[in-house]
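Inspection log for the structure reproduced underneath, given as structure tokens.
What follows draws every value from the coordinates through simple rules; no lab data is involved. Treat the numbers as computed from the prediction; the structure is a model and nothing was measured. In this analysis, Cβ positions are derived from the backbone assuming ideal geometry, glycine residues included, and neighbour counts consider all displayed protein chains.
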Amino acid sequence: MSPASTTMTSGRIVTKPLPPIPTASRGGRRPPSDRSGRRSYSIVRIITPRRYRQVRHWLQFTAFAGMSCLVTVLFLSSVAAAQEAMPPLPNLSGTYSCEGDETACGWSGWTFTVTQTGSDLQIKNDKGEVGNAKLTSRISLSAGPIWNMLGTIVSTDNRVIQWSNGTVWRKQ
């Protein structure tokens with residue numbers, strides 16, 4: 001033990017109280033100035049508590065807004081990259097003949113003419129009936145009223161469509 005902080009008298013240890021810890025006070029001495037005569041204030045000493053809160057809130061808002069903009073830009077660029085990477089839709093335009101289930105082919109028609117605009121298809125059979133279909137992916141399509149069936153493109157050259165009613169359409 002150091003003699004400056006404690007003393008021992010007749011078996012008892014007596015301690016001297018330490019000086020109080022300095023606390024921040026308002027007012028008081030001016031900060032020292034540098035050689036040019038100007039005072040060097042830290043940014044914290046210049047800003048009042050109310051103004052400090054305002055600056056802190058502004059910084060939090062700008063950080064949040066910046067992160068939001070960054071996330072938006074990253075999301076939009078990933079969407080654009082995904083759209084560029086998608087392969088084109090198959091071209092199904094042409095004339096098809098029905099094969100397979102003769103009952104279903106007799107009911108729906110034996111030959112079909114398909115006209116394509118993007119993912120929308122217009123189908124016309126040899127009886128003059130017209131229906132619409134939609135490409136739901138690169139290998140599947142859905143035909144609406146009159147036929148109401150689902151189809152799958154089963155050939156790599158997009159010449160054969162297998163339908164949910166058991167028929168197969170082959171491009172001529």
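Of the peptides 97-105, 152-160, 60-68, the ranking by mean beta-carbon count within 10 Å, highest at the top, reads 97-105, 152-160, 60-68.
With an 8 Å cut-off on Cα pairs and a minimum separation of 6 or more residues, tell me the relative contact order of the stretch 94-171 in percent.
Once normalised by length, the contact order is 26 percent.
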